[in-house]
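Only one structure is covered here, and it is reproduced in the block below.
The values are calculated or read from the model by the stated rules, or taken from the named source; none is laboratory data. Remember, predicted model here, so these are calculated numbers, not experimental data. Note that we place each Cβ from the backbone using ideal geometry, even for glycine, and neighbour counts take in every protein chain shown. We work out accessible area using only protein heavy atoms, side chains counted, and drop any ligands, DNA or RNA first. Shrake-Rupley method; radii C 1.70, N 1.55, O 1.52, S 1.80 Å.
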Amino acid sequence: MSEEQTANVKGVFDAVVFFNKQIGKRFYRLGLEFSGAGAEAFGNFRPGQFAQLDLRGIALPDGESVPAELADAAQRKILLRRPFSFADVTKKDNKTRVEILYCVVGPASLRMTTLVAGNSVNIIGPLGNGFGVPEGKETALLVVGGMGAGPLECLAKVLTADYPTMEVVAFAGARTAKELPFERQLDAISQQLGFAVPEFSKYGIESLLATDDGSAGHHGMVTELAAEWLGKCSTANEKIIIYACGPEQMLSRVAEIAKGKNIDCQLSMERRMACGFGVCQSCAVECRAGDSNETIYKLCCKDGPVFDAKEVVF
Amino acid sequence: MEEMVDISVEFGRLRLANPVFTASGTCGYADELGDFVDINKLGGFITKSITQQPRKGNDTPRIVETDSGMLNAIGLANIGLDKFIEEKLPVIEKLSVPVFVNVAGETIEEYAAVAERLADRQEIAGFELNISCPNVAKGGISFGTEAWQVREITSAMKRACGEKMLMVKLSPAVTDISVIARAAVDAGADALSLINTFTAMVVDIESRKPILANRTGGLSGPAIKPIAVYLVNKVYTEVAKDRGVPILGMGGIRNASDAIEFIIAGASAVAVGTSNFVEPGCAIKIIEGIKQYCTGKNITNIKDLVGSLE
C-alpha cells in the first residue's frame, strides 16, 4: 500500500454469505465470500474502500423481531444499494473473504439481519480511493467514532502487516459503552494495559476507549484522548499520520487537531449516495480548491471516501 | 430466430440500433458507466446537463430514498461547456453510439450559447433541451411550464443547433402536458422526451426539516412509472403521432416489461434512469428482453409495437 493510487478493477459480483453474527444490541458483522473475478477484484482492495450491496430481495425479519422503533421503517420498500466499507479482507485458496460491520438503523440494514450462510448477495465494488501511507511515517493514530470502526480495523491489519516497524495506536469513542461496535471488550487488566478493543489488539495494536457518558474508558470525547496521546508522543510531527472515520463533528475536530500540529491526516467521509461509482453526483463533499478561498464539490464515492483533512470544508 | 427481429428504430432523422437510451443525469458525461456497460451497445446516450459556466450544484443531502423511488436535488452540477469540450468530447468521439448533449441554463441566451458551440461537432448527434429540472432557482423547469416560453426557448435552440437534432424534455408538473408538447413541436422540436421528475419532499420528523438541503427534489424511480406511461400515451395520441415526432419515454423503467409498456403507449424509444444507479447493466438487459418479447410475440419489426395500445 503506497501513496499513489493503484487502479483496481471494479465490477458487479455475487458473493456468498459465510456468516452473519450479532455482536451487540444493534451491531452485526457480515462475512461475504467472493470467487473467480470477484475474488480477484476484492483481493486487490485498499483499506478504506467500500462496496454497494443490493439488499432489495432480502426478506424482512418476522414482525416480533423488528424493534418497535423500526416498525414504521420496516414498511418501506427499498430501491437503492447500500454502501459499506470493509472491516477485514482475507485471501485464501482463490477466494476473497470480506467482512463488513453494520448497524441496524432502517429498512435495508433490518433486512440484512436475516441473511444466513449460503445466501447470495449482489455487490458492486471495490469502490472509492482508500487510505494511503505517505513516505516516512513512523506513527499512525486511528481515531474511530462509533460505526467508523470498520475501515480503520481493516487499515490496522494492513499497516501491521506491511509496516511492521510502524507504531500504531487506536482510539475508539461512542456515546455509551453499548454503542461501541466491537464484539466484546477485554477485561479490566487488558484495559489497564491499554488494549481495550479485541478488534485492534489481535493485531498487537494498543487501543483506548472514550464514551460521552463515561460508561467505558475515558469520560469524554475520543478526540481528547487522541490529543492527549499526541501531547506525549515523542515522534516528530512530520512522521505522524492520523486516520479517522466517524461522525462529521468528530472528523472536524480531528482535522483541527492535525492542522494545529501540522500532522498529516486522512479522513474517511460518509454521504448519502445512490450509485457509488460517480454518476449520480449525490455524495458531494465540499473541498478547498487549491490555496484559494474557492470551494468545489468532490464526490465521496469516487474522489473519496478518504480525503486529506486539509482539503475538507467543515 | 432472434436474428429475425428488427429492433432498430427510426428516431427522427437517426437510425438507432435499438430503442434503449440511458437518461440524462444518470450516466455521467460519457464513459462513466463504461466499467459496467459497453456504452456502444445502447441505442443512444444522453449526457448530464451541460451549462455555459461550471456549476457546483446544491448542498448535501442531495438525495433521499422513498418507497420504490428516490428524490434528487443535485442542482445541475457540471463541469461547464469549456471543460466539457476539452475533456469529454474526445471521449465521446470514440463512441459509436449516437450521443445527445443535455443543455440547461438560467437564460435563453445561455442555452443557445451551449448549442451554438457544439452545433458543428461531429461527435454528437443532437441536443436534449432541459426545460424541466425542478432543482434550480433559475432556469430549468421555469422555462417548461408556459407554452409561450416553451415556444420561445425551443425556437432559439432550434436556430442555435443547426443541423443537429433537437429533443425537448418535458416536465410532468403542468396542467396539460399536451399543450407544452405542442408548443415544443410547433417551435421545431424534432423529438420529445418525457417525463422528467416530479417535485417532491421528504420530512425528517425528528428535526421537522426537509431531508434535502434544497428542501425539495425530483421524484424518480418505479414509483412514477404508471404516471409516466399515461403521459407518454397522452402526448402520443394528442400531439406526437399526427405530427410524426418520436417520443423518448422514461420514468421508472427497470426491466424490459417496463420498457415495452412505454413503447406500446407510444414511445419510439425509452430511457433508463434511476435503475442505472442500482443495476448499471440493466439497460443492456432491457435490450435483450425487448428482443425476446418480440420473438415470442412474432413481432418482426419493433415499429409495429410503437403506439399499439388498444
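Numerical summary
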item: Looking only at the range A:196-208, and only at residues there that are aliphatic (A, V, I, L, M) and open to solvent by less than 10 Å² (accessible area, probe 1.4 Å), the one that is farthest from residue A:247 (Cα to Cα); result: A:205
item: Residue, farthest from the chain's Cα centre (by Cα), within the range B:17-37, restricted to residues that are of a type in the set (A, V, I, L, M) and modelled with pLDDT of 95 or more; result: B:17
item: Extreme residue, modelled with the lowest pLDDT, among residues of the range A:216-232 that are in contact with a strand residue (DSSP E or B) (Cβ under 9 Å, 6 or more places away or on another chain) and open to solvent by 30 Å² or more (accessible area, probe 1.4 Å); result: A:217
item: Output for the range A:233-254, where each listed residue is within 22 Å of residue A:180 (Cα to Cα) and open to solvent by less than 60 Å² (accessible area, probe 1.4 Å); result: A:242, A:243, A:244, A:245, A:246, A:250, A:251, A:252, A:254
item: Any chance residue B:174 is open to solvent by less than 20 Å² (accessible area, probe 1.4 Å) and either within 20 Å of residue B:46 (Cα to Cα) or β-branched (Val, Ile, Thr) (or both); result: no
item: 1 or more residues within 14 Å of chain B (Cβ to nearest Cβ) and within 22 Å of residue B:37 (Cα to Cα): qualifying strands (runs of 3 or more DSSP E) within the range A:1-115; result: A:11-22, A:50-54, A:82-92
item: Residue identified as touching a strand residue (DSSP E or B) at 6+ places or on another chain (Cβ under 7 Å) and either within 23 Å of residue B:152 (Cα to Cα) or away from chain A (no Cβ under 14 Å) (or both) among B:283, B:256, B:184; result: B:184
item: Within the range A:263-314, tally of residues that are in a strand (DSSP E or B), touching a Pro at 6+ places or on another chain (Cβ under 7 Å) and either within 13 Å of another protein chain (Cβ to nearest Cβ) or surrounded by fewer than 18 Cβ atoms within 10 Å (Cβ to Cβ) (or both); result: 0
item: Out of B:89, B:76, sole residue that is of a type in the set (A, V, I, L, M, F, W, C) and either farther than 21 Å from residue B:161 by Cβ or surrounded by fewer than 24 Cβ atoms within 10 Å (Cβ to Cβ) (or both); result: B:89
item: Close pairs from the range A:161-179: first more than 15 Å from residue A:254 (Cβ to Cβ), partner in a helix (DSSP H, G or I), Cβ under 7 Å, at least 6 apart; result: A:166/A:159; A:168/A:156; A:168/A:159; A:168/A:160; A:174/A:146; A:179/A:146
item: Identity of the residue in the range A:93-107, more than 24 Å from residue A:182 (Cβ to Cβ) and free of Cβ contacts under 8 Å to residues at least 60 places away in the same chain, that ends up most open to solvent (accessible area, probe 1.4 Å); result: A:94
item: Qualifying positions in the range A:110-125 - of a type in the set (S, T, N, Q) and either under 14 Å from residue A:23 (Cα atoms) or open to solvent by less than 10 Å² (accessible area, probe 1.4 Å) (or both); result: A:113
item: Test result for residue B:88, under 28 Å from residue B:281 (Cβ atoms) and among the basic types (Lys, Arg); result: yes
item: Which numbered condition residue A:134 fails, given (1) outside the structural domain of residue A:54 (by TED's automatic domain parsing); (2) of a type outside the set (Val, Ile, Thr); (3) within 23 Å of residue A:222 (Cα to Cα); result: (3)
item: Members of the range B:125-140 found to be closer than 18 Å to residue B:191 by Cα and out of contact with any helix residue (DSSP H, G or I) (no Cβ under 8 Å at 6 or more places or on another chain), listed by number; result: B:125, B:126, B:128
item: Candidate set: the range B:275-310, residues that are hydroxyl-bearing (Ser, Thr, Tyr) and open to solvent by 20 Å² or more (accessible area, probe 1.4 Å); chosen: the one nearest to residue B:233 (Cα to Cα); result: B:308
item: Neighbours by Cβ (under 6 Å, 6+ apart or cross-chain): first from the range A:136-160, surrounded by fewer than 24 Cβ atoms within 10 Å (Cβ to Cβ); second among the aromatic types (Phe, Trp, Tyr); result: A:157/A:203; A:160/A:203
item: Of all residues in the range B:22-71 being of a type in the set (Lys, Arg) and open to solvent by less than 30 Å² (accessible area, probe 1.4 Å), the one that is farthest from the other protein chains (Cβ to nearest Cβ); result: B:48
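Each row is one residue, and each column tells you yes or no for (1) touching a Leu at 6+ places or on another chain (Cβ under 8 Å); (2) over 21 Å from residue A:127 (Cα atoms); (3) surrounded by 15 or more Cβ atoms within 10 Å (Cβ to Cβ).
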{"residue": "A:28", "(1), (2), (3)": "yes, yes, yes"}
{"residue": "A:32", "(1), (2), (3)": "no, no, yes"}
{"residue": "A:38", "(1), (2), (3)": "no, no, yes"}
{"residue": "A:44", "(1), (2), (3)": "no, no, yes"}
{"residue": "A:47", "(1), (2), (3)": "yes, no, yes"}
{"residue": "A:50", "(1), (2), (3)": "yes, no, yes"}
{"residue": "A:54", "(1), (2), (3)": "no, no, yes"}
{"residue": "A:73", "(1), (2), (3)": "yes, yes, yes"}
{"residue": "A:85", "(1), (2), (3)": "no, no, yes"}
